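First up is the structure itself, then whatever we jot down about it.
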Amino acid sequence: MRQLISLWQAGIVFGTVILFGSTGEILSEKGGNLNLGVPGIMYLGGIMGLVGSFYYERACAAAGIAPIAIVCVLITLVCGFAAGILGGLLFSFLTTTLRANQNVTGLTLTIFAGGFANFFGGSLMKLAGGVGQISVAATSAAFRTRLPWLSSELGVFSETIFHYGFMVYLAVALAIFLGWYIQKTPIGLNLRAVGESPATADAAGIPVTKYKYLATAIGGGISALGGVYYVMDYMKGTWDADGGIERLGWLAVALVIFAGWKPKHGIWGAYLFGLLSWLFFYIAGLSRRSSELFKMLPYAVTVVVLIIASLRRRRDNQPPAALGLPYFREER
């Protein structure tokens, strides 16, 4: 029983990282932009959140005062979210204004951001005194603190539902809110119109370029929160250049298809992927070769989902009609 609870908790952590990434990408794709730079944007969110918290805690230590938890959290979130917005704006400028190929631009953004983040991660390590010496303990503790009004006396229910920091619940709330907003509000309907037929939306007076920029920038900010959560919760406030953020970022991109471009469906899909990512660690007696096979599970499931989605062809589970296509107003 203890192992099942531990597996569940580990799956929730990875699932939350994936959920932030997929929620942001769904918003971007609803506006017609296929942003394959999500893993890179998550890298940017993780490193810039770490940089902000590192310099704040360093300044507090120099002044001889204790870091304030709420300030630690706000600085980290603002830095991470702003980095994601900048990544989204860069993607939008290249693909919407300059009309560069979206697939190539997204892949380039991921490669660039990964190198950028690992470079500055290494620089932080040197500033902190060496490899593994980065310490933003106050910020990490604030992110991992359980919500104070949730009881710890509910046994298994408490350990499986109330065991996490606030960002787990924020990820779920954002997915539910975004699904409602896209489906039920005038702005959400306009965004869907831009993604389905930008020429028709433009003819109806909807500012296509504005919607594409906003959806991709805000979606980038949301995706970046996944990187922030990975660094502050899973890595406990240090930097790891082993590519974990990138692997989860690609799962987030795949989850968009798995969820049928519906944020609320992404919730259970994200946690399924999170559980599969950790399953190998909790099966007793696995050899090294067998464990490598189990590590493939999330990606094998992704391939199966892509095949099923291609065969079913249900209209409500299809991508926006203009996804990934450049819009030339002169050709309307």
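What the chain shows is 47 Å² of accessible area per residue, with the surface traced by a 1.4 Å probe over protein heavy atoms. For the chain, the number of Lys pairs separated by eight or more positions or lying on different chains, with C-alpha atoms closer than 17 Å, is 7.
Ignoring the sites themselves, the chain has its longest run without chymotrypsin sites (Phe, Trp or Tyr not before Pro) in a DSSP loop having at most 10 other Cβ atoms within 10 Å at 150-327. Which of the listed residues, T76, P320, L251, is farthest toward the dipole's positive end in the range 2-331, when Lys, Arg count +1 and Asp, Glu count -1 at the beta-carbon? My answer, from the dipole projection, is P320.
The accessible area of T238, taken with all protein chains in place and a 1.4 Å probe, comes to roughly 30 Å².
Of the DSSP H helices in the chain, those that are both long (alpha-carbon extent of 24 Å or more along the helix axis) and hydrophobic (Kyte-Doolittle mean at least 1.0) are 69-92, 166-184. Rolling a 1.4 angstrom probe over the range 195-332 with all protein chains present gives an accessible area of which 63% lies on carbon and sulfur atoms. Output the relative contact order of the chain, whole-number percent, from Cα pairs under 8 angstrom with separation of 6+ residues. Value for the chain: 38 percent.
Note that the range 1-115 shows a convex hull volume over its alpha carbon atoms of 146 Å³ per residue.
In a fully extended conformation the segment linking V304 and I5 would gain 104.9 nm over its present Cα-Cα distance, using 0.36 nm per residue. What list of whole percents do you get for P(r) of the range 2-331, with Cα-Cα distances grouped in 10 Å bins up to the one holding the largest distance? For the range 2-331, the pair-distance distribution reads 6, 26, 33, 24, 10, 2, 0.
The values are calculated or read from the model by the stated rules, or taken from the named source; none is laboratory data. As the structure is a prediction and not an experimental result, all values here were calculated from the model. So basically every Cβ, Gly included, is an ideal-geometry build from the backbone, and we count neighbours across all protein chains shown. We work out accessible area using only protein heavy atoms, side chains counted, and drop any ligands, DNA or RNA first. Shrake-Rupley method; radii C 1.70, N 1.55, O 1.52, S 1.80 Å.
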